[in-house]
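Here is the structure we will look at, set down as structure tokens.
Any read-out appearing in this document is the output of simple, stated calculations on the displayed coordinates, not a laboratory observation. Because the structure is predicted, anything quoted here is derived from the model rather than measured. Cβ coordinates were reconstructed from backbone atoms using ideal geometry, including for glycine residues, and neighbour counts include every protein chain displayed.
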Amino acid sequence: MSGIIHIFKTQGNDILNSIGQHISISLVSLLIAAVIAIPLAILLMRHKRAAEFILNVTSVLQTIPSLALLGILIPLVGIGTVPSVIALVVYAVMPIFQNTYSGLTTIDPNLEEAAEAFGLSRSKKLLKIEIPLAMPMIISGLRIAMVMIIGTATLAALIGAGGLGTYILLGIETNNNSLLIVGAVLSAILALIFSALIRGISKLSLRKIGIILATLVVLVGGVAGYRVIAQPKTTITIAGKMGSEPEILINMYKDLIEQDNPNIKVTTKANFGGTSFLYKALKSGSIDIYPEFTGTVLESLVKTKKGATHDPEATYELAKKLLKSQEDLEYLKPMKYENGYALVVKKSFAKKYNLKTVSDLIAVESKINAGFDPDFYQLSDGYPGISKAYNLKFGNTQTMESSIRYKAIANDKVNLVDGYTTDPQIQEYNLVALKDDKSFFPPYQGAPLVSEKLLTKYPEIRKTLNKLAGKISETDMQKMNYRVSVKHEKAAAVAREYLVKHGILNKK
């Protein structure tokens, strides 16, 4: 509870902003879905085969996994709000169409005949008899769609659209239950509030409902239009993956670019999501820069039979060459630190058995009770490979989700885990990463991945971002991650402080 209170105290404005983004995306999606589905159901109410076809199509669309749909949309419409709204509309159309069609086609035939006997025209019968009688079903469809939209809208955070999903995804990524609870509970509260509001609206007359809907359309459209007009045109968009480290780096890029090029407008999109989303967004031109690791490039992004070597410089040069030849992307100079795999133990355990390197584990291998991420446990560059390279055979090993392995070692459930060298939990739980003295793990140096188009337009950015080349040690990054992830300091402030302290950025 204290963690949740601390988040509200330190991130209150950000939470309010995220709630506003979530509401905005959800309302826009619901209105568009309603404008599509309700008229379509009215149009097809007397065309059963066509209605069944549309229902089948919308049902199939709803089975597409949301992540897959977002991945498909990025190259077509970019990132941010637009692909998020499109995806949400796709999911919301089916329940609204189905309920509207069912409500209109299950009206008592005697009432239909009576309306015709009174000489009502088709339009008057629709407005006076059919829609009012179908309204409970229509409202039910809207409520189902709204709850679905608010829940699914949490994934909008993966492509830079913001919302409460940012807190849920960050909570999962950093094993921070407080962030997870804040995002999940606020999303649930929003769903309940809007469900109750829609139910309340259903008790109003058709005329009043029309006025409310028209007002919402005007308000939402007006706000969206104002944002487009008022917001300065962004020249460069810098994005980062989930977590504190990418957010720190993209703020460093932003500060350096704006210092050296005052006329360039820069926007950052933190906690964008996974590697594949960012890479697609960069290739499609939706973003211009994002920090990527050399090992990740060779393992996941380019086609190569060589793979990462154990030489950081050779790995970087190969990654740079392949990115240029295969995707026409520029990979600028890497920083000093590597965010690679590490074997991690408690400082007290290391002190007791004089452990400084991975080789030192040989003397205590029978005492090791290890907890590994499932991937690390199985992959050749994980436990199978390192046990062979160092001739290690631990007394006991078990797999566990990456999000809980640090808590497991902190609570003495295990005494060794896999991790990454810049993880803030190493400092938080008083741990130590053992030195890979045989250089088994491939290098993972971070460097700016930039579109060739951007550097053609602004060639001076190359020199600007290369100011970080060879800078930032593992200890430096670990401490900055700790301040952002654990102490909840602003990533922008932490990034600026480092740059100023090391003379890379001028004081303002």
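Which entries in 388/487; 453/487; 265/487; 125/203 show an alpha-carbon gap greater than 28 Å?
The pairs that break the limit, which is 28 Å between Cα atoms, are 388/487; 453/487; 265/487.
Antiparallel versus total DSSP beta bridges in the chain: what percent is that, nearest 5?
55
Sum up the charges of everything whose Cβ sits under 13 Å from the Cβ of residue 356, counting Lys and Arg as +1 and Asp and Glu as -1, but leave residue 356 out.
Around residue 356, the charge tally is +1.
Could you tell me the convex hull volume per residue, in Å³, taken over the Cα atoms of the chain?
So the per-residue hull volume is 181 Å³.
Based on DSSP H assignment, which helices of the chain show an axial Cα extent of at least 18 Å together with a mean Kyte-Doolittle hydropathy greater than or equal to 1.0?
Passing helices, by number: 12-43, 81-105, 131-152, 177-201, 206-230.
For 102, 439, what ranking results if the residue with the fewest other Cβ atoms within 10 Å of its Cβ goes first?
439, 102
Using a simple charge model, +1 on the beta-carbon of Lys and Arg, -1 on the beta-carbon of Asp and Glu, nothing else, what dipole does segment 341-433 show about its Cα centre, in debye to the nearest 20?
440
Would you tally the net charge around residue 462, using a Cβ to Cβ cut-off of less than 14 Å, leaving residue 462 out, and scoring K and R as +1, D and E as -1? List each step's numbers first, then the result.
On the way: positive: 320, 324, 333, 453, 457, 463, 467; negative: 260, 288, 330, 452, 460.
Counting the neighbours of residue 462, the net charge comes to +2.
Say each of residue 365 and residue 396 gets a label point 7 Å from the Cα, pointing the same way as Cα to Cβ; how far apart are those two points in nm?
1.9
Over the Cα atoms of segment 374-454, Rg to Rh with Kirkwood Rh, two decimal places?
1.04
Which links in 321/393; 306/347; 280/413; 280/501; 321/457; 438/479 stretch past 29 Å when you go from one Cα to the other? Could the numbers behind the result be given before it?
Numbers: 321/393 38 Å; 306/347 37 Å; 280/413 40 Å; 280/501 35 Å; 321/457 21 Å; 438/479 26 Å.
Those over the limit are 321/393; 306/347; 280/413; 280/501.
If we count other beta carbons within 10 Å of each Cβ, what is the order of 122, 49, fewest first?
Ascending number of Cβ neighbours within 10 Å: 49, 122.
Rounded to the nearest 500 deg cm²/dmol, what is the calculated helix-only ellipticity per residue at 222 nm for the chain, with -39500 (n - 2.57) per DSSP H run of length n ≥ 4? List each step's numbers first, then the result.
Values: 23 runs with 296 residues, N = 508.
It comes out at -18500 deg cm²/dmol, rounded to the nearest 500.
Hey, could you pull the Cα Rg and Dmax for segment 54-192, both in Å?
According to the Cα coordinates of segment 54-192, Rg and Dmax are 20.0, 67 Å.
Rounded to the nearest 0.05, what FRET efficiency do residue 501 and residue 211 give with R0 = 41 Å and r taken as the Cβ-Cβ distance? Could you check?
0.10
Test of understanding: ordering 333, 507, 352 by Cβ neighbours within 10 Å, fewest first, what list do you get?
507, 352, 333
Tell me the net charge near residue 494. Cut-off is 12 Å between Cβ atoms, residue 494 excluded, with +1 for each Lys or Arg and -1 for each Asp or Glu.
Numbers: positive: 479, 483, 487, 490, 496, 501; negative: 245, 247, 255, 476, 489, 497.
Overall, the nearby charge balance is 0.
According to a simple spin-label model (label point 7 Å from Cα along Cα-to-Cβ), what is the distance in nm between residue 486 and residue 453?
Output for this residue pair reads 4.2 nm.
Could you give me the percent of Cα pairs per 10 Å distance bin for segment 380-508, shortest bin first, beginning at zero and ending with the bin that holds the maximum distance?
Going out from 0 Å in 10 Å bins, segment 380-508 shows 9, 29, 31, 20, 9, 1 percent.
Let me check against my output: what whole-number percent is the relative contact order of the chain, with C-alpha pairs under 8 Å and at least 6 apart?
15
Rounded to the nearest 0.05, what FRET efficiency do residue 2 and residue 61 give with R0 = 41 Å and r taken as the Cβ-Cβ distance? Could you check?
0.40
Would you please give the residues with an amide H less than 5 Å from that of residue 372, counting only those at least 5 places away or on a separate chain, with H modeled from the backbone geometry?
398, 399, 400
What is the distance in Å between the Cα centroid of segment 13-66 and that of segment 388-465?
Segment 13-66 and segment 388-465 have Cα centres separated by 42 Å.
Report Rg (one decimal) and Dmax (nearest whole number) for segment 448-508, counting Cα atoms only, units Å.
13.9, 40
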